[in-house]
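A.B. asks: Structure below; questions to follow.
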């Protein structure tokens, strides 16, 4: 069916490009003129964007819009911003229809178009819708059209009239005023994930359980050293259940990262629990930290506000582990490319696990370890000292005596420990609101903040001076002991750091303790 044409041969629509977690507004300018058939696309476009001409031509043909008589030129501006992905298809199609006079050009004003087109004209979901909508809203965009498959995350952006479109025909009908598109809504019936990993299932291992509580309360990184089957993985998987529930702001940040990575479900965008990521030791540098030709978040950012678990730490490639060092300090990953920089948030709680030696049984009372001292040193040297120095808490797990597993009573549940963690976090938040510190977690306190909230008595100064002398603590290690001691004091409800709090914090920096037989065990 032929619509009344508007005498317009030049039209502009708006879309967005991802720069890390930032959405840059892109003008999609289309000029249509009768002549030798062609479809040119310019504006620093990647391969997937350049291929949109095929998808757009085929989709428009489904609604009887034939481009075989036209010379079409598409410009994606600004030209110095790199464009990647297929989310520009919908904007290109809309601007092309306006340039051909099939829809009024004013129907494109103030509207953001995001979506990929299939050859049959269906509008497919794309990644990064949430950060792109947030960026467009901040630049004055009032309305947006997104694929139906992205409705859940699009509904999270307030102050924006966001509608969903399923087909190219729906787009045509909506822009000509003959169809009202549905408002983007999330599926409220999606079930909340249940907490399945409970700390009560861990029998014994009192020192490790205590370390988990301290790390959850202060946001401290942790390394577990113990023999195979000692419960390292089991303990790490229970750490997210000890941390406070996600705040709305934290949930939105996690959702934005997952959206950019293309990992969101189409039913419920906001997560119900903190992320737990456990990449295999064969992961690449880019897969772990993030990056790539078109920058994407890695496991470090995907575990933001959750737990990143690196099992068999010495087996990871050295370059990947060394790439963690600066992001662990800064809390962000910055990927620099010739066309610009992309920044991803990266504040997970890092948990590492490793064996004490190549065979895993160094210090076992059975004497089955045959590793020489040289082999043990070489094995541990695979993990650099500077990286281990950035990990706040070091715990050596004793070997498991299987015969005692049934006799040991279950420990406290995750819910009971979580209440103490929440109380300690509340104390830290109160200090932040009062302006005493600049960070909400003790693990992120600066040296200046520590001077105010981690003052030591004369006895504490003496204990710490002895620890520095005997253990050879670096300046970073000294600071981390104070941060952990502050967390231990918060858990105890103490406004000051007592010598006992400091002594426990120092004991959690002694990495080379040999495991000894005890009644501490882990079992499900």
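Bear in mind that the values in this text are calculations on the coordinates, not laboratory data. Keep in mind that what you see is a predicted model, and the values were worked out from it rather than measured. Neighbour counts are summed over all protein chains in view; Cβ atoms, including those assigned to glycine, are modelled from backbone coordinates with ideal geometry.
A.B. asks: Report, to two decimal places, the Cα Rg of segment 10-175 normalised by 2.2 N^0.38 Å (N = number of residues).
C.D. replies: Expressed relative to 2.2 N^0.38 Å, the Cα Rg reads 0.93.
A.B. asks: Counting only helical runs of four or more DSSP H residues, what would the 222 nm mean residue ellipticity of the chain come to if each run contributes -39,500 (n - 2.57) and the total is spread over all its residues?
C.D. replies: -9500 deg cm²/dmol
A.B. asks: Treating each Cα of segment 400-481 as an identical point scatterer and ignoring solvent, apply the Debye formula and state log10 I(q)/I(0) at q = 0.12, 0.19, 0.24 Å⁻¹.
C.D. replies: Values, matching the q order: -0.60, -0.92, -1.09.
A.B. asks: Gap in Å between the Cα centre of segment 90-120 and the Cα centre of segment 250-300?
C.D. replies: For segment 250-300 versus segment 90-120, the Cα centre distance is 31 Å.
A.B. asks: Just report the Cα centroid separation between segment 35-49 and segment 419-469, whole Å.
C.D. replies: 57
A.B. asks: Rounded to the nearest 10 degrees, what's the angle between the helix 458-471 long axis and the longest principal axis of the chain, both from Cα atoms, 0 to 90?
C.D. replies: Rounded to the nearest ten degrees, it is 80.
A.B. asks: Nearest 10 degrees, 0 to 90: what angle lies between the long axis of helix 206-218 and the longest principal axis of the chain (Cα atoms)?
C.D. replies: Approximately 40 degrees, to the nearest ten.
A.B. asks: I've got another one for you. Sort 284, 15 so that the residue with the fewest other Cβ atoms within 10 Å of its own Cβ comes first and the one with the most comes last.
C.D. replies: 284, 15
A.B. asks: May I ask you to order 159-169, 41-51 by the average number of other C-beta atoms within 10 Å around their residues, highest value first?
C.D. replies: Packing proxy ranking, top to bottom: 159-169, 41-51.
A.B. asks: Could you work out how far helix 129-138 tilts from the main Cα principal axis of the chain, as a 0 to 90 degree angle to the nearest 10?
C.D. replies: Taking the Cα atoms of the chain, the angle to 129-138 is about 70 degrees.
A.B. asks: What list do you get for 509, 337 if you sort them by fewest beta carbons within 10 Å? Please report the intermediate quantities before stating the final value.
C.D. replies: Details: 509 19, 337 14.
Ranked by crowding around the Cβ, least crowded first: 337, 509.
A.B. asks: Which order do 462, 362 fall in if you start with the one that has the fewest other Cβ atoms within 10 Å?
C.D. replies: 462, 362
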